[in-house]
Amino acid sequence: MVNSNDQDFQENTKVIHAKSEELDAVLDYLIAEKYPAVNVIDSKSDLRELGSYIDAINIVVFTETEKSYAIKSGFKVWKPKDSIFNIEVVSYFETSNLKQTENNTFEVINDGFVEFIFNVPYLFISEVL
């Protein structure tokens, strides 16, 4: 019989007791401990819900089909031709090596860097996995 108080955890695992929403408690802890980034695995990738944390820690949300994150103007990433980005267009932005194929879907034109230029603090983008 296993005692529910005896739990075997992976090395360096910390239990964080939440007094509020669990993800908020974890992000508050990581920020307080000066972690620069965190990967979150979730069933949805709504980064807007985490918007208040973006200035304090880099957040990447992974779902079964997407990798989502906030970028600052001037962000560049190398991608192969035909890679797909989903971008909720909420403000004007310019990009290189990217063409819009549907409402919020953009496709890389050629192997190489894609650059994003815009005037808002962040742009939320998702890469199709």
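The values are calculated or read from the model by the stated rules, or taken from the named source; none is laboratory data. All values derive from a computational prediction rather than experimental measurement. No Cβ is skipped: glycine too gets one built from the backbone with ideal geometry, and neighbour counts run over all protein chains shown. Please note that ligands, DNA and RNA were not included when accessible areas were found on the heavy atoms of the full protein model with its side chains. Shrake-Rupley method; radii C 1.70, N 1.55, O 1.52, S 1.80 Å.
General observations
- Taken across the range 27-43, residues that are among the charged types (D, E, K, R), on the phi < 0 side of the Ramachandran plot, open to solvent by 50 Å² or more (accessible area, probe 1.4 Å) and touching a residue at least 24 places away in the same chain (Cβ under 8 Å) do not occur at all.
- One residue stands out in the range 45-88 among those that are modelled with pLDDT of 90 or more and acidic (Asp, Glu): the one that is most open to solvent (accessible area, probe 1.4 Å), namely Glu64.
- The set of residues in the range 89-109 being assigned to a strand (DSSP E or B), surrounded by 12 or more Cβ atoms within 10 Å (Cβ to Cβ) and touching a residue at least 24 places away in the same chain (Cβ under 8 Å) consists of Phe93, Glu107, Val108.
- Residue ID - farthest from Ala56 (Cα to Cα), chosen from residues in the range 84-103 that are under 17 Å from the mean Cα position of the chain (by Cα) and not hydrophobic (A, V, I, L, M, F, W, C): Asn86
- Remark: pairs (first residue in the range 110-127, over 21 Å from Ile57 (Cα atoms) and at pLDDT 95 or above; second residue among the basic types (Lys, Arg) and crowded, with 16+ Cβ neighbours inside 10 Å; Cβ separation under 8 Å; 6+ apart in sequence or on different chains) = Asp111/Lys79; Gly112/Lys79; Phe113/Lys79; Val114/Lys79.
- When the range 110-121 is filtered for residues that are of a type in the set (A, V, I, L, M) and open to solvent by 30 Å² or more (accessible area, probe 1.4 Å), the ones remaining, listed by number, are Ile117, Val120.
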